[in-house]
1. Go through (1) open to solvent by 60 Å² or more (accessible area, probe 1.4 Å); (2) in a helix (DSSP H, G or I); (3) in contact with a helix residue (DSSP H, G or I) (Cβ under 7 Å, 6 or more places away or on another chain); (4) charged (D, E, K, R) for Glu139 and report which single condition fails.
2. Among the residues in region 54-69, are any crowded, with 20+ Cβ neighbours inside 10 Å and farther than 18 Å from Thr13 by Cα?
3. Got a sec? Which of Leu95, Leu85 is touching a Cys at 6+ places or on another chain (Cβ under 9 Å), buried (at least 20 other Cβ atoms within 10 Å of the Cβ) and not basic (Lys, Arg)?
4. Going through region 121-136 one residue at a time, which ones are open to solvent by 70 Å² or more (accessible area, probe 1.4 Å) and under 24 Å from Pro82 (Cα atoms)?
5. Just to be sure I understand the filter: pairs with C-beta atoms under 9 Å, separated by 6 or more residues or on different chains, first member in region 19-34 and closer than 16 Å to Trp149 by Cα, second member surrounded by fewer than 18 Cβ atoms within 10 Å (Cβ to Cβ) and of a type in the set (Asp, Glu). Which pairs pass?
Amino acid sequence: MPAPTKLLILVGTMTNTAEYVAQAIEMDCADLIESIEVRMMNGLDISVFDGDALYLLCTSTYGAGDVPDNAHALYDSLGSQPKFLGHVRYGVIALGDSSTHPQTFCNGGLRFDERLADLGAVRVGEVFRIDAAAGTEPEAVGTAWCRDWLAQALQAEAKA
């Protein structure tokens, strides 16, 4: 099976930080893969995983550990319209704040990860957590992680 030539970044956000991280990845990692598309999760459902792409979910956590408002339709469809997603290879960038929400830190991304795994999708690498309390620039740490992750994911696909 040939390695995918497209990275589809699905963004769940309330304050746009996850979107800024995704846009920085789109610009910084363009040399690693043929095509990168950033798509807001607004109105998406499980059918977004029907394509031939490598997927990266970049999502914040909202409230008491929930997915952001714009991600609810997609998240809910993974439970209400379940189907086997064994062809899906994905990564997760989860954003959160450990100082104000230690019990639910990065839960938005972790909830997506759990639901995708339950449907047979295969996560490449570990969930990357960006902590607002760390004082780092989310775009910088997100793109640095993604460059390594993307190389690992494409190498794994080439061997499959």
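The values are calculated or read from the model by the stated rules, or taken from the named source; none is laboratory data. Here the structure is a predicted model, which means the values were calculated and not measured. Please note: Cβ atoms are built from the backbone with ideal geometry, for glycine as well, and neighbour counts cover all protein chains shown. Protein only, heavy atoms only, side chains kept; ligands, DNA and RNA dropped before computing areas. Shrake-Rupley method; radii C 1.70, N 1.55, O 1.52, S 1.80 Å.
1. Only one criterion is unmet by Glu139, namely (1).
2. Applying the first criterion (crowded, with 20+ Cβ neighbours inside 10 Å) to region 54-69 yields 54-62, 67-68.
Filter once more, keeping what is farther than 18 Å from Thr13 by Cα: 54.
Yes, there is a match, as at least one residue in region 54-69 is crowded, with 20+ Cβ neighbours inside 10 Å and farther than 18 Å from Thr13 by Cα.
3. One residue alone meets the criteria, Leu95.
4. Arg123, Glu126
5. Glu26/Glu37
Every residue, every condition in (1) open to solvent by less than 40 Å² (accessible area, probe 1.4 Å); (2) touching a Ser or Thr at 6+ places or on another chain (Cβ under 6 Å); (3) at pLDDT 95 or above; (4) outside any loop (DSSP other than H, G, I, E, B), yes or no:
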{"position": "Pro2", "(1), (2), (3), (4)": "no, no, no, no"}
{"position": "Leu7", "(1), (2), (3), (4)": "yes, no, yes, yes"}
{"position": "Val11", "(1), (2), (3), (4)": "yes, no, yes, yes"}
{"position": "Ala18", "(1), (2), (3), (4)": "yes, yes, yes, yes"}
{"position": "Val21", "(1), (2), (3), (4)": "yes, no, yes, yes"}
{"position": "Asn42", "(1), (2), (3), (4)": "no, no, yes, no"}
{"position": "Ser47", "(1), (2), (3), (4)": "no, no, yes, yes"}
